[in-house]
2 protein chains.
Amino acid sequence: MKKFYNTIENLFNESIKGVAKAHQDILKLNPDPCYITRVAPTPKNKVVVISGGGAGHEPLHAGFVGKGMLDAACPGQTFTSPTPDQMMAAAEAVGTEAGVIYIVKNYAGDIMNFEIGAEMTDFPSESVIVADDVSLPKDHSTGRRGVAGTLIVEKMVGAAAENGADLATCKAIGDRVANSTASMGVALTSCTIPALGEPTFTLAEDEMEMGVGIHGERGIKTMKLGTATEIVAIIAKAIDDDLKPQKGQRILLHVNGLGATPPMEQYLIFDLACQYWEERGVIIERSLVGEYTTALDMAGVSITVTLLDDELIGLWDAPVHTANLRWGC
Amino acid sequence: MKKFYNTIENLFNESIKGVAKAHQDILKLNPDPCYITRVAPTPKNKVVVISGGGAGHEPLHAGFVGKGMLDAACPGQTFTSPTPDQMMAAAEAVGTEAGVIYIVKNYAGDIMNFEIGAEMTDFPSESVIVADDVSLPKDHSTGRRGVAGTLIVEKMVGAAAENGADLATCKAIGDRVANSTASMGVALTSCTIPALGEPTFTLAEDEMEMGVGIHGERGIKTMKLGTATEIVAIIAKAIDDDLKPQKGQRILLHVNGLGATPPMEQYLIFDLACQYWEERGVIIERSLVGEYTTALDMAGVSITVTLLDDELIGLWDAPVHTANLRWGC
């Protein structure tokens, strides 16, 4: 395994100090229990937005803490759910009478630990579960995984909370965005989890793994490596079959690099995905291309689509000032 | 070779369309000859800042076109200098009576082609050559390479030009920033140039390549893979020996991911570099961590330091609105 580290045990703990130091104008770190909050205090009457999850997906979630998005993020160890005491401590640090909304990717550990954390605090709270990965069927036993669509939910709920929406409204918006969002990923290589020291799966030189999640698990199908256009057609069709955008529908199109795939390839995939939907009369109203929800050093990309309306466009465009999404302020 | 593409020949040309589409609020593409300009017209009395270089280093340079930074960027094919007609066409599209300043990484092809391009236009012009790679000695036959420090020169010259500085002042600032900036990189793997189809060099599992550039060339030394602290000490010492920051000196510290190294490791390197200079009484006044000057899918990082004073801090902090650097507007 070739990585930059001192000891595997301390890689995450040392790294998160660097995140806090690099963005000290925006966020601060509480090392133990580990959570990240905004430097600027949260207004007393504002609904507080908290997310979190295993490390290894950076910049998700700490990179999205700041005005217009998250109030706090709770990072677990690599690909490991944060513990309930992290969520409790974060909520106690930033919580308000207006309530706390938790944005949780659909993994059993995350859901359980966020739930216990919420029960340990007295603030009124709601959770939005993100389960945007359409490579799994809707009736999958543990439900679909939460992947790159999560940041879109965080952005829009964060904007609503910043605008003064109450807890019920934030919850309704979060559920609506989550239900309007679909993602699917493809990998050319696995990733290497530091504690394992070797790739979690292997592929031949002419193979790709379709329908991967963000934890180095195998996808739904190992396929012969196709052209970029063929790959986009497979993923876009799965998303299209799920969301069924009509002619004239406006969408947010997000191409996400999973770690080791360069911008040149990400933008190629984006261009082809634009063509796919434009040919069907769907309007690419907003877009986002880059590494936002990574799986360590996995080579691959995911495509995410959110169906938009005027309200959601307003929430997407609203000012945001975080380490990794920043506009309008 | 595992990459997302349709044909090797068209990978760059297809991808750059995606860049323009994803950031159509900021930049626009002229496909042939290929250059990227701002959407917003350049004021008539403003010095125009143009950069460029081979593709494969994205987001450099197109990602830095916009208010407060570049007026135009000329991307060549992968790791290939742009041609003089690109620079000429870009200068004619955005040039003003106030003059054109070219920011050029120190590679023979880039320098020659920018020079010919400048001679083919009637605008008064100056060039700033960036040669920040301290892994090569100052008296190296072709001079030091221009690497990740380039964006710092682009940012500060761009801010000066936006503030109304004249051509001579922009040139003086550019030279001063270039001379106050030092970088060095390390790779854990080579990159794969699409047209070659295989890694440009190979390393054993316990080896790293110290002093790499950004074109997949070997560095100055193949070494046994060290801990992150040991690696930072080697690079930081080389930079320190070159710039000789005194106690109390303020610096901009930039840790750049070369392509396949995840944020977790980049931030670890950043944290360790902070410690290195803080122990020496040097003040980390500003910082930047992320993938800004990549070498396709190379696993590795570089560290860049710029010595700061009040004027340079002001230029760094000045509003910038590009695809990949954005603050203050």
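Bear in mind that the values in this text are calculations on the coordinates, not laboratory data. Everything quoted here is computed from the prediction, not taken from an experiment. Note: ideal-geometry Cβ built from the backbone for every residue, glycine included; neighbour counts use all protein chains shown.
The table for this structure:
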{"item": "Hull-based mean projected area of the range A:1-73, where the convex hull spans the alpha carbons, in square nanometres", "result": "5.4 nm²"}
{"item": "Residue mean of other protein chain beta carbons inside 10 Å, A:228-237", "result": "2"}
{"item": "Burial order of peptide ranges A:48-61, B:265-278, B:222-235, A:105-118 (average beta-carbon count within 10 Å, highest first)", "result": "A:48-61, B:265-278, A:105-118, B:222-235"}
{"item": "Kirkwood Rh (inverse of mean 1/r, distinct Cα pairs), the range B:249-288, angstrom", "result": "10.6 Å"}
{"item": "Enclosed volume per residue, in Å³, of the convex hull spanned by Cα atoms of the range A:181-315", "result": "100 Å³"}
{"item": "Distances in nm from residue A:283 to the matching label points in the other copies, shortest first (labels 7 Å along Cα to Cβ)", "result": "5.1"}
{"item": "Average partner coverage of A:269-277, which counts Cβ from other chains inside 10 Å", "result": "4"}
{"item": "Value of Rg/Rh across the protein assembly as shown [Cα atoms, Kirkwood radius]", "result": "0.95"}
{"item": "Peptide B:10-20 - average C-beta neighbours from other chains (10 Å radius)", "result": "6"}
{"item": "Options A:170, B:231, B:298, ranked by Cα towards positive dipole end of the protein assembly as shown, top entry (Cβ charges)", "result": "A:170"}
{"item": "FRET efficiency, 1/(1 + (r/R0)^6) with R0 25 Å, evaluated for residue A:112 and residue A:168 via beta carbons", "result": "0.55"}
{"item": "Above-threshold pairs, the threshold being 24 Å between Cα atoms, out of A:155/A:224; A:105/B:17; B:67/B:105; A:224/B:3", "result": "A:155/A:224; A:105/B:17"}
{"item": "Per-bin percent of Cα-Cα distances, the range B:11-180 [5 Å]", "result": "2, 10, 20, 24, 22, 14, 6, 2, 0"}
{"item": "Rounded D (µm²/s) - the range A:172-214, Kirkwood Rh over Cα pairs, Stokes-Einstein at 20 °C, 1.002 mPa s", "result": "168 µm²/s"}
{"item": "Debye equation applied to the C-alpha atoms of the range B:261-329, log10 I(q)/I(0) at 0.22, 0.26 Å⁻¹", "result": "-1.14, -1.23"}
{"item": "Nearest beta-carbon to the B/A symmetry axis - residue in chain B, distance in Å", "result": "B:260, 2"}
{"item": "Label point 7 Å beyond Cα along the C-beta direction, distances from residue B:164 to other copies (nm, shortest first)", "result": "3.9"}
{"item": "For chain A, alpha-carbon Rg relative to the globular expectation (2.2 N^0.38 Å, N residues)", "result": "0.94"}
{"item": "C-alpha center-to-center spacing [the range A:20-82, the range B:153-187] in angstrom", "result": "34 Å"}
{"item": "Using a 7 Å Cα-to-Cβ projection, residue A:310 label spacings across copies, nm, ascending", "result": "5.0"}
{"item": "For chain B, calculated [θ]222 nm from helices alone, where every DSSP H run of n ≥ 4 adds -39500 (n - 2.57)", "result": "-10000 deg cm²/dmol"}
{"item": "Two-decimal Rg to Rh for the range B:104-200 - Kirkwood Rh, Cα set", "result": "1.04"}
{"item": "Order of A:329, B:170, A:34 - criterion: other Cβ atoms within 10 Å of each residue's Cβ, fewest first", "result": "A:329, A:34, B:170"}
